[in-house]
Amino acid sequence: MKFIEDITEFIFISDEPQKSDIIFIPGSSYPEMAEKAAMLWKEKYSPLILPSGKYSIKLGSFSGPMSKTDIYTGQYTTEWEFLRDVLIKNGVGKSSILKEDEATNTYQNAIYSKKVTDRLKIEVKKAIICCQSFHARRCLMYYQLLYPQTEFTVCPVDTQGINSRNWHSTDEGIEKVLGELERCGHQFVDIFKSLRKKIKAIYGD
């Protein structure tokens with residue numbers, strides 16, 4: 001069914017990494033994204049990593065790691081603390097890890113990360129995003145919105161047993177992916193309206 005292929009292509013973005021100025025990690029309680037970022041850092045794809053996140057506003061606190069709990073055993077109060085620990089345990093130097101621990105959703109991950117790089121006067125010409133694979137499109141949309149002049153590559157990881165090949169074969173995968181598809185629509189309604197003039201100037205009527 002072609003529409004399944006179309007949804008898969010839209011949601012699941014995966015690029016080859018490029019030398020970049022920074023690696024962004026949108027907030028999460030899964031360690032795999034930070035492990036991927038650490039690998040890229042050790043391979044010298046970027047000198048800096050910026051994990052972002054306080055905790056989910058729906059939960060009101062950080063619930064703890066959702067996988068590999070035998071490895072990451074700290075008492076974490078924020079997603080940033082957790083992701084920082086993952087990075088350090090995977091060999092990243094502390095001085096390479098920047099801090100953003102106020103964001104409670106994906107849009108704020110991008111907004112507050114931009115505030116950090118602006119404050120530190122980091123020119124972000126190229127950037128890598130390490131995120132969950134089914135979260136890739138929405139992450140990219142938000143970070144592109146905040147960094148319109150930046151060239152992004154998305155280097156995601158599969159989590160929760162969901163990937164581009166099997167998402168449509170389980171209830172959880174269908175709910176996750178179609179939930180992301182829905183959010184890529186309704187979360188951007190007001191944003192698109194506010195950018196109407198710019199979009200028209202680029203793409204015409």
**Asked** How would you rank Ser194, Ser96, going from fewest to most other Cβ atoms within 10 Å of each one's own Cβ?
**Response** Ser194, Ser96
**Prompt:** In whole Å, what is the distance between the alpha-carbon centres of the range 124-158 and the range 42-99?
**Reply:** 18 Å
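For each pair in Lys19/Lys54; Lys54/Lys197; Lys125/Lys176; Lys94/Lys115; Lys68/Lys115, compute the distance between the two Cα atoms and list the pairs where it is over 23 Å. Kindly include the intermediate steps, with their values, before the conclusion.
Numbers: Lys19/Lys54 28 Å; Lys54/Lys197 34 Å; Lys125/Lys176 31 Å; Lys94/Lys115 20 Å; Lys68/Lys115 31 Å.
Too far apart for the 23 Å limit: Lys19/Lys54; Lys54/Lys197; Lys125/Lys176; Lys68/Lys115.
Out of the DSSP beta bridges found with both residues in the chain, what percent are antiparallel (nearest 5)? Could the numbers behind the result be given before it?
On the way: 1 of 14 bridges.
Approximately 5 percent, going by the DSSP bridge assignments.
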**Fill in**
From fewest to most C-beta neighbours within 10 Å, the residues Phe192, Phe24, Phe12 line up as Phe192, Phe12, Phe24
**Request:** Do me a favour and compute the ellipsoid semi-axes for the range 74-205 from its Cα gyration tensor, root of five times each eigenvalue, largest one first, whole Å.
**Result:** 26, 23, 13
**Asked** Taking θ as phi - 60°, what are the ³J(HN,Hα) couplings along the range 124-131 by the Karplus curve (6.51, -1.76, 1.60), each to the nearest whole Hz, with x for Gly and Pro?
**Response** 9, 7, 10, 8, 10, 10, 10, 8
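Between Glu5 and Gln160, what's the calculated FRET efficiency when r is the beta-carbon distance and R0 is 22 Å? Round to 0.05.
Details: r = 22 Å, r/R0 = 0.98.
For R0 = 22 Å, the calculated efficiency reads 0.55.
Express in % the proportion of alpha carbon pairs of the range 1-144 at distances exceeding 20 Å. All intermediate terms of the calculation are to be shown ahead of the outcome.
Details: 4639 of 10296 pairs.
The share of Cα pairs beyond 20 Å in the range 1-144 comes to 45 percent.
All of the numbers you see were taken from the coordinates with simple rules; none came from a lab. Everything numeric in this text was worked out from a predicted model, so none of it was measured. Here the Cβ is made from the backbone with ideal geometry for all residues, glycine too, and neighbour counts use every protein chain on show.
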